[in-house]
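Notes follow the structure.
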Amino acid sequence: MQEMKALTVNSYLASSEITKLLDNVEYILMASPSMMVDELPIHFTIILNTSEILPEEVKPLIFEKFCRELGITATSHVLSNHERIAFALTTQETPMPKHIIDDAEANTIPWTLLHIIDFLGDSEGFKEAKDGLSGWSYSYNR
C-alpha cells in the first residue's frame, strides 16, 4: 500500500454554496482504505442528496442496490442515518465531503444534514482504495 499525504483543507463551503453545489446531485460516493483491513479492505461512504428521513424498511433496499451496481461483494459495519456533512475546498477539482461527528467542530464550520450509508466492503472496482488512495465522485441526476 502506498503512503500518501493527507489533503490540505483550504476552506469550507458556506451554507449557500453547499446548496448550490448539491443542486442536481443524486449522490456522492467516497472510497478509502479501511482502518480495519483485516476485516474488509475498503471504507465506503455513500452520501444521498436528501434530508428526508428514510423509512427503516427502505434503507436495506437502497444499500443492496448500491452494492449490486458498484460490484461490492462483501460488507460489514453498516451505518445508514442522517448525518452532518461539510464540504472542504482542497487542491482537488470538486469539494471534499466531510462527515462531521464532533459537536465542537459542527459549531465552527457550515454543514448540511444528509443521509449517509457508511460501511466496510470489498470490490474489484476500487483498486485505488486497496492501494492506499482515497477519493470521491459526484453522481448527477439525468
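The values are calculated or read from the model by the stated rules, or taken from the named source; none is laboratory data. Keep in mind that this is a model prediction, so the values were computed, not measured. Neighbour counts run over all protein chains shown; Cβ positions are idealised from the backbone, glycine included. Calculation scope for accessible area: heavy atoms of the full protein, side chains included, ligands and nucleic acids excluded. Shrake-Rupley method; radii C 1.70, N 1.55, O 1.52, S 1.80 Å.
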If you go through the range 62-73 one residue at a time, do you hit one that is among the β-branched types (Val, Ile, Thr) and farther than 19 Å from Leu133 by Cβ? yes
Any chance you could count how many residues in the range 31-66 are hydroxyl-bearing (Ser, Thr, Tyr) and under 14 Å from His115 (Cα atoms)? 3
Step by step: first the residues of the range 92-142, then only those that are open to solvent by 60 Å² or more (accessible area, probe 1.4 Å) and among the aromatic types (Phe, Trp, Tyr), then the one that is nearest to Leu29 (Cα to Cα). Which residue is that? Tyr140
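So in the range 44-54, with the set limited to residues that are open to solvent by less than 60 Å² (accessible area, probe 1.4 Å) and either farther than 25 Å from Ala129 by Cα or modelled with pLDDT under 95 (or both), which one is farthest from the chain's Cα centre (by Cα)?
Leu54
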